Amino acid sequence: MDPALRFKDAEPRIHPTAELKSCRLGRYAVIGERVILREVTVGDFSYFERHAEAIYTTIGKFCSIAANTRINALEHPIERITTHKVSYRPNEYFRYLGVDQAFKARRQAKAVTIGHDVWIGHGAVVLPGVTIGNGAVIGANAVVTRDVGAYEIVAGVPARSKRLRFAPETIARIEALAWWDWPLDRLADAVPDMQSMTIEAFLDRWEGRAG
C-alpha cells in the first residue's frame with residue numbers, strides 16, 4: 001500500500017493552549033490542553049494529556065502521560081534563608097537582578113529520564129533525578145522518589161513497587177525485541193497481533209521477523 005495512504009501526518013500535534021520552551025518533539029507526539037513543557041524531549045508517539053507539566057526531562061517513545069501529572073517537580077533551595085523564588089528568579093520582581101544561573105544548572109543536572117512505553121497515571125509526581133525504565137507503570141497520584149525498573153508497577157506516596165508486569169525472562173525478550181524502534185510499516189502490521197495475542201505468542205511470532 002502507498003505509505004501516503006496508509007499513514008497519517010507524522011507532525012506533532014500541539015494544543016493551542018500548551019506552552020513549550022526549548023522542546024523537541026518526535027513523530028506523532030501529542031501535547032494536550034494547557035500542558036507546560038520546558039526543555040523536554042518527547043519521543044515518537046508519546047503524548048501528554050491536559051494540565052500536565054514537565055521540565056528538564058527526556059521521554060522515550062510510546063509513553064502515555066495522564067492529566068495533571070508533574071515530571072521533575074520544582075526543587076526549592078531549602079538550605080537558603082528563603083525557599084521563595086525571590087532568591088533564584090529575582091528578575092520577576094526587580095530590575096538588574098537576573099536568574100540565578102548556578103541554581104538553574106543545579107536543577108538541569110537533576111534531569112528525569114523516562115524510557116519507552118511508560119504509562120504515568122493521573123496526577124502522578126516524579127521528583128528530580130529519577131529514571132523510569134521501559135514499560136513501567138506509575139499509579140495515579142503516586143509520588144516517585146526513586147528509580148523505577150523496566151516493566152515495574154509502582155504506586156503510593158512515596159511510590160513503592162507492587163509487581164512486575166511480566167516475568168523477568170519475558171521482560172528481557174521484550175527489551176531485546178525493542179518494538180518501539182520498528183519502522184512504521186512493521187509496526188502497523190503488528191498492531192492486530194498486539195490486540196489479539198498473548199504476550200508470549202506475540203514474542204514467538206515477531207522475534208524472528210523484527211530484523
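The values are calculated or read from the model by the stated rules, or taken from the named source; none is laboratory data. These numbers come from a predicted model, not from an experiment. Cβ coordinates were reconstructed from backbone atoms using ideal geometry, including for glycine residues, and neighbour counts include every protein chain displayed. Only protein heavy atoms, including side chains, enter the accessible area calculation; ligands, DNA and RNA are left aside. Shrake-Rupley method; radii C 1.70, N 1.55, O 1.52, S 1.80 Å.
Computed quantities for the displayed model
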quantity: Per DSSP, loop chymotrypsin sites (Phe, Trp or Tyr not before Pro) in the range 83-131 with at most 14 further Cβ within 10 Å; calculated: Y93, F94, Y96
quantity: Accessible area of the range 1-103 divided out per residue, in Å², using a probe of 1.4 angstrom; calculated: 61 Å²
quantity: Hz values of 3J(HN,Hα) by residue in the range 17-24 - Karplus curve (6.51, -1.76, 1.60), Gly and Pro given as x; calculated: 8, 6, 10, 10, 9, 6, 10, 10
quantity: Carbon plus sulfur fraction of accessible area for the chain, probe 1.4 Å, in percent; calculated: 53 percent
quantity: Among A172, A18, A73: highest mean-square fluctuation, GNM of the chain, C-alpha pairs under 10 Å; calculated: A172
quantity: Estimated vicinal HN-Hα couplings, Hz - the range 57-70 in sequence order (Karplus 6.51, -1.76, 1.60; Gly, Pro = x); calculated: 9, 10, 10, x, 8, 6, 8, 10, 10, 6, 5, 6, 7, 9
quantity: Exposure of D44 as accessible area (Å², to 10), given a probe of 1.4 Å and all protein chains; calculated: 30 Å²
quantity: Net charge of Cβ neighbours under 13 Å - reference D189; Lys, Arg +1; Asp, Glu -1; calculated: +2
quantity: Cα centroid separation - the range 72-103 against the range 112-134, whole Å; calculated: 26 Å
quantity: Folded to 0 to 90 degrees: helix 168-177 orientation relative to the chain principal axis, Cα; calculated: 90 degrees
quantity: Per residue accessible area of the range 142-198, 1.4 Å probe, in Å²; calculated: 54 Å²
quantity: Positive minus negative residues near E19 (Lys, Arg vs Asp, Glu; Cβ under 10 Å); calculated: +2
quantity: Proximal charge balance of K85 [Cβ under 13 Å; K/R count +1, D/E count -1]; calculated: +1
quantity: Listed values (i) 1.06; (ii) 1.04; (iii) 1.26, entry calculated as Rg/Rh (Cα atoms, Kirkwood Rh); calculated: (ii)
quantity: Coordinate range along principal axes, alpha carbons of the range 79-190, Å, largest first; calculated: 58, 34, 21
quantity: Above-threshold pairs, the threshold being 22 Å between Cα atoms, out of K110/K162; K8/K61; K21/K104; calculated: K110/K162
quantity: S196, S161, S46, S64, ranked by accessible area, largest first (probe 1.4 Å); calculated: S196, S161, S64, S46
